[in-house]
Amino acid sequence: TFTMSTDSSPSPNFLIISDVDGVLIHDNNPIPNALHGFKTLLQRWHDDFRPHLSREEHPHDIAHCFFTLTNGGGQTEQQRSTLMNQLFELDDFFHHERTFLAHTVIGRQFLEEFRDKKILVISRDTMGNVLEHYGFTNVEYIWDFVEKHPYMFPYSSSAQQEFGKRHDKGKQKEGRFVPLDELCKQEPIEAIMVLQNPSNWNDAAQAICDILVSDGRVGCNKYNPRFDFYSPKRSSGESSLTNSTGNGEQLESNIATHRGSAHEHNIPLIFCNPDLTYSGEFRGPRFTQGAFKVTVQALFKELHGREITNIQQFGKPLETTFSFVKREIQKHLACETLPERVYFIGDNPRSDIHGANNAGMFSILVRTGCFQSDEDNDLEHPAQLVCDDFDSAVAFIMERELQFLHRGQ
């Protein structure tokens, strides 16, 4: 076990920013060569760098040059850094101020606007109170929303359990179930934040599509939601509207009113991870939050004949996320500009390498995650260097930086 100092500022000459999934871990299990990579990093710093650096000019250890930026989430930054230290048997190497998760930018940038407003969070049912940790005070999670409105989710097992409780007053949760005739008395939802790939896509997609055509009080609309059913004619691109009453004209009018209300309220739908897939222990792409976003968009357009009007996207490779991370690192280092050389190690060309290249960083692509091509480099988003794994990437960085050190750079 290595013990690192806890001073807040690193050596000023270079930084390393690393992705996590596919570079350091697979499904919360350390990648073997990543374990060795940290030993390489720490040993090279101790043997090759520290003897040449005066403690006055460079008082800090290599840990303070190392940051992580991932499109994953579901934990607080403190929880993630603690977990990473445990997985890699490091004492205080990973630190919450040097850990950037998919929702870090959302938690910090939207706090002032939505601190006390009601937010629906879409996530897995294992997620803790992440938004509350950032300071949000009025948060409802998708599983609570489903249990409050079981009549909205006929195929949900948790919703059906709630239906059963309606007939057993001894098991009812007081104040939890919202009867149909009280929907308009609810506090309106003012934003939907997708912080993780949800456990139940059906429930989450249904809730999102319902809320986006409401004023935030789902089911409390000018239109009658029971009549808003139609089947698209795929050949012509038009919709054939049908309902159990046969009242086609009334249905057309209801849907027109319905569509108009969605434009009026324009509830923001915020995603923090655009990745379609990620790399886990199984050797093949696994769907993640970006795939869920595509599904929701397709369902909404198929149902309502138009695009969702207020989607806000964060995460790699977007410039908004990289700019946010740069600003936060500068605050952490108490400096006006970043060090001269910033290395970014990633496994996904579309998110890691694309984003790093656009941000002016030295991009390093590893072959332990999404990039499994036999090509020497990704053709669409080529990295400045391709390495087999994190260990070889670190060895390259330390050798290169040692040359700069000897040249006084």
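The values are calculated or read from the model by the stated rules, or taken from the named source; none is laboratory data. These numbers come from a predicted model, not from an experiment. Don't worry about glycine lacking a Cβ; one is built from the backbone with ideal geometry, like all the others, and counts go over all protein chains shown.
Just the residues that are among the basic types (Lys, Arg) and surrounded by fewer than 17 Cβ atoms within 10 Å (Cβ to Cβ), please, taken from region 75-117.
Residues satisfying the conditions are Arg108, Arg115.
Being at pLDDT 95 or above, in a helix (DSSP H, G or I) and touching an Asp or Glu at 6+ places or on another chain (Cβ under 8 Å) is the requirement here; does Gln297 meet it?
Answer is yes for this residue.
Can you tell me which residues in region 127-142 are in contact (Cβ under 8 Å) with a residue 60 or more places away in the chain and either in contact with a helix residue (DSSP H, G or I) (Cβ under 8 Å, 6 or more places away or on another chain) or under 15 Å from Gln206 (Cβ atoms) (or both)?
Listed by number, the residues that qualify are Val130, Leu131, Ile142.
Just checking, which of Phe282, Phe287 is under 15 Å from the mean Cα position of the chain (by Cα), modelled with pLDDT under 95, not hydroxyl-bearing (Ser, Thr, Tyr) and not assigned by TED's automatic domain parsing to the domain that holds Met361?
Among Phe282, Phe287, only Phe287 is under 15 Å from the mean Cα position of the chain (by Cα), modelled with pLDDT under 95, not hydroxyl-bearing (Ser, Thr, Tyr) and not assigned by TED's automatic domain parsing to the domain that holds Met361.
In the list Ala256, Ala262, which residue meets the criterion of being at pLDDT below 85, over 30 Å from Gly369 (Cα atoms) and surrounded by 19 or more Cβ atoms within 10 Å (Cβ to Cβ)? Write out each step before concluding.
Numbers: Ala256 fails: surrounded by 19 or more Cβ atoms within 10 Å (Cβ to Cβ).
Unique residue meeting the criteria: Ala262.
Is it fair to say Asp376 is crowded, with 18+ Cβ neighbours inside 10 Å and of a type in the set (Asp, Glu)?
no
Looking at Arg306 and the list (1) among the charged types (D, E, K, R); (2) closer than 15 Å to Asp21 by Cα; (3) at pLDDT 80 or above, which single condition is not satisfied?
All conditions pass for Arg306, except number (2).
For residues in region 300-309 being in contact (Cβ under 8 Å) with a residue 60 or more places away in the chain and not in a helix (DSSP H, G or I), which is farthest from Gly74 (Cα to Cα)?
So, considering only residues that are in contact (Cβ under 8 Å) with a residue 60 or more places away in the chain and not in a helix (DSSP H, G or I), the one farthest from Gly74 (Cα to Cα) is Gly305.
Out of the residues in region 118-140 meeting the condition of being closer than 18 Å to Thr70 by Cα and in contact with a Pro (Cβ under 9 Å, 6 or more places away or on another chain), tell me which one is surrounded by the fewest Cβ atoms within 10 Å (Cβ to Cβ).
Arg124
Given the condition among the small types (Gly, Ala, Ser) and surrounded by fewer than 17 Cβ atoms within 10 Å (Cβ to Cβ), answer yes or no: does some residue in region 344-359 qualify?
No; the residues of region 344-359 include none that is among the small types (Gly, Ala, Ser) and surrounded by fewer than 17 Cβ atoms within 10 Å (Cβ to Cβ).
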